[in-house]
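Every number here is computed from the coordinates shown, using simple stated rules; none is lab data. Quantities reported herein were computed from a predicted structural model and do not represent experimental measurements. Cβ: placed from backbone, ideal geometry, glycine included. Neighbour counts: every protein chain shown.
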Amino acid sequence: TPMELARGFAVISNGGYDVQPFVISSITDVNGEEIYRAPEVVLCDRECDEKEQLASDAASDDEDSAPAVRVARRLADERSIYILHSMMRDVIRRGTGRRALALNRSDLAGKTGTTNEQRDTWFAGYNHEIATTVWVGFDQPAPLGRREFGASTALPIWIDYMRAALKDAPVALMPRPNGIVNVRIDPETGRRARPGQDGEFEVFREEDAPPPLDPKDEAGNGDNGDEDLSRQIF
């Protein structure tokens, strides 16, 4: 569902923490007095016991009252999420989400989607503060048309919404975690580029970075053979 997809992308957006959707953030009565506020979200990296106890103790004796704190557990390694951020920013910078460049922001990332026979089209995108998913389709599944794709149907809606949602908001990029390196690679092979060779910089976890070239490869006088490339997978 769109809610499930938005929840998944929110986990990517916030750096890898679980998200429990809720509809109502607060309620005020006719006198303007706040009578309900949604629980504060507390991010939990490793040991959650104390924070979970805090959430439990914050609840009042009234069984119908909501706790004042909601614990958000880490679901994914922050370095892997950071690399995923980098990949999905490329979708907007030079991929199927290029139309979003019209927002003139450097912190956007996302992914288009089109199901078989163009029955559903999607765009899910985010920065570090907000994730938004757009779905386009019929109540009773039917093709939208042979030329309809996520980039041409869902993405324009996403752009219009995010233009308002992010108005005057500062750039929000995911902070770069420790243990990430930038390596200039040969885009044809995925190996490190030789000195002076045109290449592209990619981000890797330190332990997964392409190994240094042999001296003969650095000079461009040998080939790389069939060495195992598993260290380059992230």
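Would you please give the FRET efficiency between residue 184 and residue 105, computed as 1/(1 + (r/R0)^6) with r the Cβ-Cβ distance and R0 = 25 Å, to the nearest 0.05?
Values: r = 26 Å, r/R0 = 1.04.
Computed FRET efficiency for residue 184 and residue 105 comes out at 0.45.
Please give the net charge around residue 78, taking every other residue with its beta carbon less than 11 angstrom from that of residue 78, where Lys and Arg add +1 and Asp and Glu add -1. Let's see the in-between values first.
Numbers: positive: 74, 79, 176, 205; negative: 45, 77.
With Lys, Arg at +1 and Asp, Glu at -1, the net is +2.
Just grab the label-to-label distance for residue 1 and residue 33, each label 7 Å out from Cα along the Cβ direction, in nm (one decimal).
Going from the residue 1 label point to the residue 33 one covers 3.5 nm.
How big is D, in µm² s⁻¹, for the stretch 91-219 by Stokes-Einstein at 25 °C and 0.890 mPa s if Rh is the Kirkwood radius over C-alpha pairs? Each step should come with its number before you reach the end.
Numbers: Rh = 17.4 Å.
For the chosen part, D equals 141 µm²/s.
What does the charge count around residue 184 come to, taking other residues whose C-beta lies under 11 Å from its C-beta (Lys +1, Arg +1, Asp -1, Glu -1)? It would help to have the intermediate numbers written out before the result.
Working: positive: 191, 192, 194; negative: 186, 198, 200, 202.
Neighbour charge sum, excluding residue 184 itself: -1.
Around residue 108, under 12 Å between beta carbons, what's the net of Lys plus Arg minus Asp minus Glu among the other residues?
Numbers: positive: 89, 93, 98, 99, 105, 111, 163; negative: 90, 107, 129.
Spelling it out: positives minus negatives among the neighbours equals +4.
Please report the equivalent ellipsoid semi-axes of the stretch 138-194, computed as sqrt(5 x eigenvalue) of the Cα gyration tensor, largest first, in whole Å. Spell out each step's value before the answer.
Working: eigenvalues 261, 114, 22 Å².
Result for the stretch 138-194: semi-axes of 36, 24, 11 Å.
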